Amino acid sequence: MKKVVTMIALIFAFAIQAQEQKSQVPQISVNGEGKVKVTPDQAIIKIGFQNSGKDAKEVKTLNDEVVDRVIKFLKKSGIPTTDYKTNAVSLYKSYDYEKKKYNFQANQTLSITLKDLTKYDEIMMGLNDAGVNSIQGVEFKSSKIEEHEKEARKRAILNAKQKATDYASVLNQKVGKALLITDNSQQYYPQPEYKGNMMAMASDESTPRQTLAAGEIEINTNVSVTFALE
């Protein structure tokens, strides 16, 4: 009986080994990269302003007045209410050891989505007139970012397949179906630089002022693909 059980176990083990060997398909793993360069057509402008004084109510009132002027200006400029929002508001007390008295400081930041870059200078100068005293950043965007990401992904897969084909052809083999695809992409797009500030003025009034250099956004996609070899 013991010999019979041992024989059955050996047969079962050989069957599993044969199945595993059969399932081991020759493979090749490569990385593929897809790049798409896009000219941005939108910008997110992050602005801030602050007021300080010895009375909390006074500095808050001063900030509220700036907010009111900014919102009225944006509405007058045709910016939809859905395209700007308050990011942060703060009011805090600090002690001046030199003067030995307390001061209050009110801060507020807003972000504005500008969907027409030709209005950049007009908007920036208007914000300056409204009382905004700092630009915290300008981030460029594309209104068709999903389409460009899709194209980058396609290019990455084609790049991976081409690499696999190049390697396999040297061995007189062919690339079969994809067995595994891993997306290694990171959602980060390098931002182009911008120049100028709210107080920039043209040296020649007859020449249109140019304070924005939008450049290009580069969308990168990276994938790892494992192909079967035939």
Inset, instruction - All but one of (1) loosely packed, with under 10 Cβ neighbours inside 10 Å; (2) modelled with pLDDT under 50; (3) not charged (D, E, K, R) hold for Ala202, so report the exception by its number. - result: (1)
Inset, instruction - Give the residues of the range 76-88 that are among the β-branched types (Val, Ile, Thr) and either under 24 Å from Gln105 (Cα atoms) or outside the structural domain of Lys46 (by TED's automatic domain parsing) (or both), sorted by residue number. - result: Thr86
Legend entry - Which listed residue is in contact (Cβ under 8 Å) with a residue 24 or more places away in the chain, surrounded by 12 or more Cβ atoms within 10 Å (Cβ to Cβ) and in a strand (DSSP E or B), from Asn87, Asn128: Asn87
Legend entry - Flag for Thr109 being among the β-branched types (Val, Ile, Thr), assigned to a strand (DSSP E or B) and surrounded by 15 or more Cβ atoms within 10 Å (Cβ to Cβ): yes
Inset, instruction - Scan Gly131, Gly137, Gly126 and give me the residue that is closer than 30 Å to Lys35 by Cα and either touching a Cys at 6+ places or on another chain (Cβ under 8 Å) or not assigned by TED's automatic domain parsing to the domain that holds Val30 (or both). - result: Gly137
Inset, instruction - Identify, by number, the condition in (1) part of a strand (DSSP E or B); (2) more than 30 Å from Glu146 (Cα to Cα); (3) out of contact with any Leu (no Cβ under 6 Å at 6 or more places or on another chain) that Asn51 doesn't meet. - result: (3)
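If you take the residues of the range 28-75 that are over 27 Å from the mean Cα position of the chain (by Cα) and not assigned by TED's automatic domain parsing to the domain that holds Thr109, which of them is surrounded by the fewest Cβ atoms within 10 Å (Cβ to Cβ)?
Checked the range 28-75; the qualifying residue surrounded by the fewest Cβ atoms within 10 Å (Cβ to Cβ) is Ser29.
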Inset, instruction - Being touching a residue at least 24 places away in the same chain (Cβ under 8 Å) and among the hydroxyl-bearing types (Ser, Thr, Tyr) is the filter; apply it to the range 94-125 and report the residue that is farthest from Gly78 (Cα to Cα). - result: Tyr102
Legend entry - Which numbered condition Ala228 misses (of (1) at pLDDT 55 or above; (2) more than 30 Å from the chain's Cα centre (by Cα); (3) not in a strand (DSSP E or B)): (3)
Legend entry - Any hit, the range 137-152, residues being hydroxyl-bearing (Ser, Thr, Tyr), part of a helix (DSSP H, G or I) and out of contact with any Ser or Thr (no Cβ under 6 Å at 6 or more places or on another chain): no
Legend entry - Those residues of the range 131-158 which are surrounded by fewer than 19 Cβ atoms within 10 Å (Cβ to Cβ) and among the hydrophobic types (A, V, I, L, M, F, W, C), in sequence order: Ile135, Ile145, Ile157, Leu158
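The values are calculated or read from the model by the stated rules, or taken from the named source; none is laboratory data. Just so we're clear, the structure is a prediction, and the values are computed from it rather than from any experiment. Neighbour counts run over all protein chains shown; Cβ positions are idealised from the backbone, glycine included.
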